[in-house]
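The values are calculated or read from the model by the stated rules, or taken from the named source; none is laboratory data. From a predicted model like this one, the values you see are computed outputs, not experimental measurements. All Cβ positions, glycine included, derive from the backbone under ideal geometry; neighbour counts span all protein chains shown.
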Amino acid sequence: MEVSRRCSNILGSLTLEISARVKAMKAEGHDVIGFGAGEPDFGTPLWVVDAAKEALDKGLTRYTPASGTPELKRAICDRYRRKYGLDYDVAQVVVSNGAKHSLFNVFQAILNPGDEVIVPAPYWLSYPEIVKMADGVPVAVETTEAEAFKLSPRALREAVTPRTKAVIINNPSNPTGSVYTREELREIMDAALDCGLCAVADDIYEELVYDGAEMVCIPTLGDRYRENTIVVSGASKTYAMTGWRIGYSLSPHEIAKAMGNFQSHSTSNPNSIAQYATIAALNGPDEGIIRMRAAFDERRRFMHARINGIDGLGCLLPSGAFYMMMNISGILGREWEGRRILGSMDFAMALLEAQKVAVVPGICFGADDYVRMSYAVSMHNIERGLDRIEAFCAGLK
Ligand SMILES: Cc1ncc(COP(=O)(O)O)c(C=O)c1O
C-alpha cells in the first residue's frame with residue numbers, strides 16, 4: 001500500500017524518539033542521564049488530581065461539546081482576565097488535546113495550500129511539520145546567539161513574500177529559553193502587521209519566566225495586535241499535566257468557529273475528566289507553579305555556570321521555559337574514538353554512547369552548532385550529567 005504524499009513529507013518527532021531510546025536504555029539497566037525532557041519533573045498538583053477523581057465519581061464521562069465544556073472555557077477566560085487584563089468571550093476559546101493539537105487546528109483554520117509561515121529558528125521541531133500538514137510552507141528565519149535568539153523586525157520583513165500568511169512567536173521559547181520584552185514584541189508585531197501577517201503566539205511556557213522577566217501576551221499590546229493574533233497555551237507545562245492532554249486557543253470569533261468545526265469532525269471533545277481537572281488547575285492556588293519555577297530557576301543558574309566552565313562549551317542564561325541551547329561549536333572537528341564530531345547529531349550520539357548522557361541535537365531545531373539541554377531534571381542528575389559531559393569533552397582529541 002502506498003503512503004500519501006502528505007504523510008511521506010512529514011518527519012517523525014526526533015525528541016520523542018530520543019526520549020523513547022533513553023527509556024529503553026534505562027529499562028535495560030543502563031544508568032542514563034537524560035537532558036532531553038520536554039516536561040516538568042513534578043507531579044500534577046493534588047487538588048487537580050482530586051478534581052479528576054471527583055469528576056469520575058460524578059460520572060462526568062460522556063461526550064462534552066466538541067470544542068470544550070462551557071465551564072472550562074469560562075475558567076480560561078477568567079484566567080486571561082486575571083493574569084493579563086484581557087477580555088475574551090467563551091466563543092473565542094477552543095479546547096483541544098494539548099497545545100500541539102491546538103496549533104494543528106490553528107494552521108488548518110488559517111492556511112491555504114502554498115501559504116508561507118515564518119518560523120524563527122531555532123524552533124520547536126513540530127512547527128514546520130504542523131504547517132506542512134496544513135499544506136503550508138514553513139520558512140525558517142535564522143536568529144543568532146548574539147541577538148539572544150530573538151527574531152528581529154528586519155529579519156521578519158526580509159523573509160516576507162506575497163505568500164506569507166503568519167509568523168509564529170513562541171515566547172518563552174523552546175528550545176532557546178528566550179523571552180521577548182514588550183518593546184521587542186511590539187516592534188516585531190508592527191512589522192508583521194505592516195506586511196499583512198497574523199501572529200500565532202505559542203505561550204505554552206508563559207508561567208516559566210525568571211529574573212523578573214515580564215511575560216507579555218501579544219494581545220495586551222492593543223486592539224489591532226489582538227485582532228491579528230491567535231494565542232495558544234495549555235495545562236501541560238504550567239500545571240505539570242503533560243499526560244492529561246489539554247491545550248487551548250483564543251482567537252478572533254471566525255477562526256475559533258472554524259477550528260471548533262474542524263475539531264468536531266476529527267477528535268471531538270478532549271477527554272472529559274481532563275477538562276474538569278483543568279478547571280481546578282486554572283482556578284487553584286499557584287503553589288505548584290511557584291515551587292516548580294523556583295526549582296527550575298536554581299537549576300538554570302547552576303547549569304549556566306557549569307557549562308560555561310567547560311572547555312569548548314558555552315550557553316546563554318535563558319530567561320524562560322526549561323531549556324538552554326548549549327553551544328558546541330568549540331567541540332566540532334574534534335574526535336571521539338576515531339570518529340570526528342562534525343555536527344550536533346554526532347555529538348549527541350557519541351555522548352550517549354561514551355557517557356550515557358542524552359541531549360537533543362540542535363539540528364532538530366534548525367541549529368546544528370548546538371544541543372538542547374533541558375533542566376526539567378533533578379539537581380542530582382544535572383550535577384552527575386555535567387560531570388560526565390565535562391569528562392567527555394576532556395577526552396576528545
Ligand atoms: C513550544 C511548544 N509548544 C507546544 C507544545 C505542546 O504542548 P502539549 O503537550 O500541550 O501538546 C510543546 C511541548 O513540548 C512545546 O514545547
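Below, the figures for the structure above:
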| quantity | calculated |
| --- | --- |
| Residue ID - farthest from the chain's Cα centre (by Cα), chosen from residues in segment 130-174 that are part of a loop (DSSP other than H, G, I, E, B) and closer than 19 Å to ASN112 by Cβ | PRO162 |
| Matching entry among LEU86, LEU72 (being more than 16 Å from the ligand (Cβ to nearest atom) and in contact (Cβ under 8 Å) with a residue 40 or more places away in the chain) | LEU86 |
| Subset of segment 350-397 [of a type outside the set (Gly, Ala, Ser), in contact (Cβ under 8 Å) with a residue 12 or more places away in the chain, part of a helix (DSSP H, G or I) and farther than 18 Å from GLU298 by Cα] | LEU351, LEU352, GLN355, ILE363, CYS364, PHE365, ARG388, ILE389, GLU390, PHE392, CYS393 |
| Among the candidates LEU282, LEU317, residue that is at pLDDT 95 or above and either assigned by TED's automatic domain parsing to the domain that holds TYR180 or within 16 Å of the ligand (Cβ to nearest atom) (or both) | LEU282 |
| In segment 18-40, the residues that are away from the ligand (no atom under 13 Å from the Cβ), assigned to a loop (DSSP other than H, G, I, E, B) and closer than 24 Å to TYR370 by Cβ | VAL32, PHE35 |
| Top-ranked residue of segment 243-278 - restricted to ones that are farther than 18 Å from LEU72 by Cβ and either within 16 Å of the ligand (Cβ to nearest atom) or among the aliphatic types (A, V, I, L, M) (or both), ranked as surrounded by the most Cβ atoms within 10 Å (Cβ to Cβ) | ILE255 |
| Residue match in segment 177-192 (condition: surrounded by 23 or more Cβ atoms within 10 Å (Cβ to Cβ) and either more than 25 Å from VAL139 (Cα to Cα) or in the same structural domain as ILE363 (by TED's automatic domain parsing) (or both)) | no |
